[in-house]
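*Asks:* Pasting in a structure now, in structure tokens, and then I'll have a few things to ask.
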Amino acid sequence: MVAVAGSLISQLRRGVLPYCVLALLAEEERYGFDLVKALGEEMVTSEGTIYPLLSRLRRDGLVETSWQESPSGPPRRYYSLTAAGRSSLAAFEDEWSRFGAAVDHFIQGRRT
Amino acid sequence: MSYDPESEIKQYLESLSSAAHDLPRTRRRELVSEIEQHIRQALAESPCDDQGEMIALLAHVGDPVEIAAAASDQAEDGRTPLPATVAFLRRPRRVIIALAALVVVALAIATAGWVQTYQPLAFAPAYGLPAGSVNTIGDSDHGALVG
């Protein structure tokens with residue numbers, strides 16, 4: 001049962017992670033390492049896996065990148081949201097508020 | 001043995017690169033260089049004084065096999081996946097299996113042709129009975145019993 005719950009959480013995480021990334025980037029542009037720290041250990045269990053995700057978001061045109069000098073060390077690749085990224089995020093927010101409310105309805109209904 | 005952070009990093013990146021051998025070369029190089037930068041930023045933030053700390057840092061970055069698997073998953077979801085034939089030809093073992101199958105099929109066809117041309121007796125039973133003879137016999141027996 002514990003194993004099932006663990007794989008469920010990792011599937012849920014995989015599904016929502018791209019949108020959590022888009023949501024963070026909607027506030028401000030960030031570089032990869034900074035993004036991983038902001039997402040925290042609940043969302044990112046294996047830090048390195050964020051880079052393939054960022055690469056896909058870029059190929060899908062949802063984020064764009066720019067190289068910027070860093071105050072210390074080598075230049076950093078910053079990620080920011082594109083217009084397509086904003087509308088994808090808005091669509092997800094809409095879906096999520098309906099879906100999340102539906103799930104809460106059953107979970108909280110059982111508790112009372 | 002003295003602790004050498006550079007050799008730990010190098011070893012980690014090499015295993016990532018070999019785990020990601022399925023990726024197109026540019027994508028693989030990009031991934032390895034991004035992970036290297038990530039490690040260097042993590043080191044700049046919290047330097048590792050001994051091998052144990054370094055191993056813990058790399059464990060946080062993640063299992064190279066898991067990162068490589070995430071990269072090939074995301075590559076498949078991408079807008080421009082490799083055409084099926086190219087993806088197929090990138091795997092030498094599959095090509096060899098396909099060629100072997102092709103050879104087997106060709107041999108089977110050639111054997112069938114040879115048997116038909118030079119060994120007509122192999123099909124003799126099929127030619128031996130007059131057309132419709134089975135039905136004729138059956139009908140007459142049946143007719144006799146009923147009549």
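Please treat every number below as a calculation from the coordinates, not as lab data. Computed from a predicted model, the values in this text were never measured in an experiment. Quick reminder, even Gly has a Cβ in these numbers, built from the backbone with ideal geometry, and neighbours come from all protein chains shown.
*Asks:* Among all helices in chain A defined by DSSP H, which have a length of 24 Å or more along the axis from Cα atoms plus a Kyte-Doolittle mean of at least 0.5? Let's see the in-between values first.
*Replies:* Numbers: long enough: A:2-27 (36 Å, 1.25); A:83-111 (41 Å, -0.40).
Within chain A the helices that satisfy the rule are A:2-27.
*Asks:* Looking at the range A:35-112, which GluC sites (Glu not before Pro) are in a loop (DSSP not H, G, I, E or B) and have at most 11 other Cβ atoms within 10 Å? Intermediate values should be presented prior to the final figure.
*Replies:* Values: sites: A:Glu41, A:Glu42, A:Glu47, A:Glu64, A:Glu69, A:Glu93, A:Glu95; in loops: A:Glu69.
For GluC sites (Glu not before Pro) across the range A:35-112 that sit outside H, G, I, E and B with at most 11 neighbouring Cβ atoms in 10 Å, the list reads A:Glu69.
*Asks:* If you don't mind, another one. Per DSSP H run of n ≥ 4, the term is -39500 (n - 2.57); total these for chain A, divide by its residue number, and report the mean residue ellipticity at 222 nm rounded to 500 deg cm²/dmol.
*Replies:* Numbers: 4 runs with 77 residues, N = 112.
Estimated from H runs of four or more residues: -23500 deg cm²/dmol.
*Asks:* Consider a paramagnetic label point 7 Å from the Cα of A:Glu28 along Cα→Cβ; state which residues of the range A:35-64 have an amide N under 17 Å from it.
*Replies:* Within reach of a label on A:Glu28, which here means backbone N under 17 Å from a point 7 Å along Cα→Cβ, the range A:35-64 contributes A:35-40.
*Asks:* Could you work out the relative contact order of the range A:61-111, using alpha carbon pairs under 8 angstrom and six or more residues apart, expressed as a whole percent? Write out the running numbers ahead of the final one.
*Replies:* On the way: 37 pairs, mean separation 15.2, N = 51.
Here the relative contact order equals 30 percent.
*Asks:* Order these peptides, B:2-11, B:102-111, by their mean beta-carbon neighbour count within 10 angstrom, highest first. Kindly include the intermediate steps, with their values, before the conclusion.
*Replies:* On the way: B:2-11: 12.2, B:102-111: 10.0.
Output ranking for B:2-11, B:102-111: B:2-11, B:102-111.
*Asks:* For the range A:1-97, which chymotrypsin sites (Phe, Trp or Tyr not before Pro) pass both filters: DSSP loop (anything but H, G, I, E, B) and at most 15 other C-beta atoms within 10 Å? Could the numbers behind the result be given before it?
*Replies:* Values: sites: A:Tyr19, A:Tyr31, A:Phe33, A:Trp67, A:Tyr78, A:Tyr79, A:Phe92, A:Trp96; in loops: none.
The qualifying sites: there are none.
*Asks:* Right, next: Placing one identical point scatterer on every Cα of the range A:50-104 and ignoring solvent, what is log10 I(q)/I(0) from the Debye formula at q = 0.21 Å⁻¹?
*Replies:* The Cα Debye sum returns log10 ratios of -0.83.
*Asks:* Oh, and also: Hey, got the average number of other protein chain Cβ atoms within 10 angstrom for residues in A:49-62?
*Replies:* Working: counts 11, 5, 12, 16, 5, 2, 9, 9, 1, 1, 7, 4, 1, 0.
Rounded to a whole number, the mean comes out at 6.
*Asks:* I would also like to ask the following. How many partner chain Cβ atoms sit within 10 Å of a residue's Cβ in peptide B:53-64, on average, as a whole number? Could the numbers behind the result be given before it?
*Replies:* Working: counts 0, 0, 0, 0, 1, 2, 2, 7, 5, 7, 3, 1.
Mean partner shielding for this stretch: 2.
*Asks:* Between B:Ser46 and A:Ser80, what is the FRET efficiency for a Förster distance of 35 Å, r being their Cβ-Cβ separation, to the nearest 0.05? Can you show the working numbers first?
*Replies:* Details: r = 27 Å, r/R0 = 0.77.
Efficiency, rounded to the nearest 0.05: 0.80.
*Asks:* Continuing with the same structure: Beyond 17 Å, what share of the Cα-Cα pairs of chain A remains, rounded to the nearest whole percent? Can you show the working numbers first?
*Replies:* Values: 3825 of 6216 pairs.
Value for chain A: 62 percent of Cα pairs lie more than 17 Å apart.
*Asks:* Count, for each residue of B:30-43, the Cβ atoms from other chains sitting within 10 Å of its Cβ, then give me the mean as a whole number.
*Replies:* Details: counts 4, 4, 1, 2, 9, 4, 1, 10, 8, 3, 3, 11, 4, 1.
Mean partner shielding for this stretch: 5.
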